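The values are calculated or read from the model by the stated rules, or taken from the named source; none is laboratory data. As the structure is a computational prediction, the values presented were derived from the model and not from experiment. Positions of Cβ are generated from backbone atoms using ideal geometry, with glycine treated the same way; all protein chains shown enter the neighbour counts. Heavy atoms of the whole protein, side chains included, go into the accessibility calculation; ligands, DNA and RNA do not. Shrake-Rupley method; radii C 1.70, N 1.55, O 1.52, S 1.80 Å.
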Amino acid sequence: MSVKETRVRFAPSPTGPLHMGGVRTALYNYLFAKKNQGKFILRIEDTDQNRYVEGAENYIIESLKWCGILFDEGPGTESSFGPYRQSERKHLYKEYADRLIESGHAYYAFDSAEELEEMRNMAKKAKMPNWQYNSITRNSMKNSLTLSNEEVESKLNNGEQYTIRIKMPRNQDVRFYDEIRGWVVVNTNNMDDKVIYKGDGMPTYHLANVVDDYLMKISHVIRGEEWLPSAPLHVLLYQFLGWEDIMPKFAHLPLILKPDGNGKLSKRDGDRLGFPVFPLQWEDPVTKEVSSGYREKGYYPEAFINMLAFLGWNPGTSKEMYSLDELIQDFSLERVGKSGAKFDPEKTKWFNQQHLRIKSNSELAESIMPSLDYNVNTTFLEKVVELMKERATFSNELLSEDYFFESPKEFDEKTFRKKWKENSSEIMQDLFNQINELEDFTTENIENTFKEFITKKEIGMGAVLPCMRLILTGKGMGPSVFAIASLLGKEEVMSRYQEKNQYFSHLFLAKKQVQ
Ligand code: GLU
């Protein structure tokens with residue numbers, strides 16, 4: 001028996017920017033395809049012209065590229081399965097709608113939008129708020145099941161507006177196996193006669209989706225849980241079109257929930273709680289409203305996808321740090337959970353911090369060099385990176401301290417007030433004189449000199465170290481002062497000492513007089 005090639009697709013509709021839930025769907029499809037030596041396909045589902053948003057397709061493609069989720073087939077690639085935009089496949093769908101009509105599984109409906117509205121209103125008045133066009137109500141509507149053949153013919157010939165609806169069978173259980181949720185059973189009495197084709201020559205999502213999955217030989221449909229209610233209809237379409245034996249497998253991914261777990265994560269939660277929900281910044285072409293993106297906020301794509309991978313999947317071990325290749329290695333649908341995954345903005349930062357830490361100093365230095373306003377060499381910048389790395393979540397934080405590049409212009413008043421004492425200036429004088437003696441200005445030598453100094457003088461570290469830090473950096477906290485001193489070099493250290501020690505001792509006296 002030949003094994004079916006793994007072919008999966010990500011099938012977004014270009015109705016706006018891609019939400020991070022969409023990126024996760026793309027990621028899982030990609031991981032699954034690569035894990036199984038298969039193909040990952042990008043299909044643009046743009047049949048609903050009313051919802052088309054300028055720039056959305058580009059945005060989707062850019063986002064996937066940024067994440068490293070590269071498609072094997074999609075817009076712009078050549079293959080016998082293309083084109084990959086449904087609007088360019090328009091001519092393909094009618095044939096299947098016709099086939100369904102011929103086999104009695106679909107019918108023409110001529111009810112106008114006003115007539116349908118009227119039915120809904122009447123039902124509402126009769127206390128039946130959820131009116132549907134279904135296996136019961138269709139019998140009192142204007143369609144090819146209630147009209148005579150001649151009437152139908154003449155309406156079609158006269159170019160009257162029509163839709164094609166699926167003819168839902170009565171009381172039949174539709175069963176299918178979902179790779180994540182197990183068996184799903186839905187009775188057709190709970191399903192309506194969905195429109196599958198519109199008179200304007202466009203299929204609706206349901207028909208186009210099924211036909212394309214069939215024509216593109218899709219082996220697994222991996223998509224968000226919001227599509228689970230549509231799956232029984234899709235299964236029926238496969239049956240009605242005689243494709244049951246080659247129907248793809250289904251896997252519906254759990255929802256991504258708000259940080260508090262109450263409901264689906266939405267764009268508004270991002271605005272409210274201050275984190276992006278989109279991979280890239282997006283400007284609405286009509287309202288010009290700008291939504292923030294992970295890329296622009298300084299997140300690494302590898303941290304973003306590492307975080308996304310864990311929103312619904314886990315490897316079953318304590319390993320959390322993953323590269324894309326490692327995710328491909330370990331990913332499986334069996335380890336995707338059924339229940340919603342809570343989005344955690346803090347954890348997202350954590351992932352970024354961890355991914356920053358595993359980067360080499362030279363890579364980080366190279367990436368921040370262009371945004372540095374000072375003229376320093378790469379080796380120096382690599383050392384700055386080394387010292388700042390442990391404290392940074394984003395790479396721009398590696399450059400948050402100007403004292404590496406120039407004598408501090410400001411100082412931390414609180415530290416000064418608490419730590420600078422009457423005798424501090426004298427202590428600093430002694431200490432810096434000692435340091436000045438050092439031939440080899442290494443971190444270790446400076447640290448040893450410092451330690452010998454406080455032991456000999458019998459003064460506590462707390463009375464000396466903060467003053468030394470104030471002189472060199474103007475700050476109360478930061479990376480090792482000894483390492484900073486070594487990096488700045490003896491000349492700079494002594495020059496800062498001369499300038500600041502005098503400044504602080506004057507300041508101390510001035511404040512004392514005021515009191
Ligand atoms: N066009 C649908 C969407 O926007 C695709 C759903 C599916 O994958 O079947 O998500």
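Tabulated data for the structure shown
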item: In degrees, nearest ten, helix 90-102 long axis to first principal axis of the chain (Cα); result: 40 degrees
item: Leading residue at positive end of dipole, segment 353-469 (Cβ point charges), from Met388, Gln353, Asn433; result: Gln353
item: Degrees between helix 56-67 axis and first principal axis of the chain (Cα, 0 to 90, nearest 10); result: 50 degrees
item: Listed residues Lys155, Lys94 arranged by accessible area, highest first, probe 1.4 Å; result: Lys94, Lys155
item: Accessible surface of Trp227 - all protein chains present, 1.4 Å probe, nearest 10 Å²; result: 90 Å²
item: Restraint check, Lys409/Lys512; Lys142/Lys167; Lys249/Lys319; Lys267/Lys349; Lys127/Lys194, Cα-Cα greater than 25 Å; result: Lys249/Lys319
item: Burial order of peptide ranges 136-149, 26-39, 111-124 (average beta-carbon count within 10 Å, highest first); result: 26-39, 136-149, 111-124
item: Dipole moment magnitude, nearest 20 debye, the chain about Cα centre, only Lys, Arg, Asp, Glu C-beta charged; result: 1520 debye
item: MRE, 222 nm, helices only [DSSP H, n ≥ 4, -39500 (n - 2.57), over the chain, to nearest 500]; result: -13000 deg cm²/dmol
item: Options Phe343, Ile471, Phe404, ranked by Cα towards positive dipole end of the chain, top entry (Cβ charges); result: Phe343
item: Share of carbon and sulfur in the accessible heavy-atom surface of the chain [1.4 Å probe, %]; result: 47 percent
item: Aspartates and glutamates with Cα under 16 Å of Lys65, excluding same-chain neighbours fewer than 8 positions away; result: Glu57, Glu73, Glu296, Glu302, Asp325
item: Average accessible area per residue (Å²) across segment 43-117 - probe 1.4 Å, nucleic acids and ligands excluded; result: 49 Å²
item: Centre separation in Å (Cα based) which lies between segment 201-227 and segment 433-480; result: 68 Å
item: Relative packing of peptides 161-172, 179-190 - highest average C-beta neighbours within 10 Å first; result: 161-172, 179-190
item: Sparse-neighbour loop sites [GluC sites (Glu not before Pro); segment 1-83; at most 15 other C-beta within 10 Å; DSSP]; result: Glu5, Glu54, Glu78
item: In Hz, Karplus ³J(HN,Hα) per residue of segment 339-348 (6.51, -1.76, 1.60; θ = phi - 60°; x = Gly, Pro); result: 8, x, 10, 6, 7, 10, x, 5, 5, 5
item: Size of charge dipole - segment 249-369 - debye, nearest 20, with Cβ of Lys, Arg +1 and Asp, Glu -1, no other charges; result: 420 debye
item: Cβ charges +1 (Lys, Arg) and -1 (Asp, Glu), total dipole of segment 7-109, debye; result: 440 debye
item: DSSP-defined antiparallel bridges as percent of all bridges, the chain, nearest 5; result: 55 percent
item: Rounded if a/c under 1.5, otherwise prolate or oblate - segment 1-116, Cα gyration tensor axes; result: oblate
item: Anisotropy class of segment 94-220 from Cα gyration tensor, a/c 1.5 cut; result: oblate
item: Overall form of the chain per C-alpha gyration tensor (a/c, 1.5; a/b vs b/c); result: prolate
item: By average C-beta atoms within 10 angstrom, highest first, the peptides 479-488, 126-135; result: 479-488, 126-135
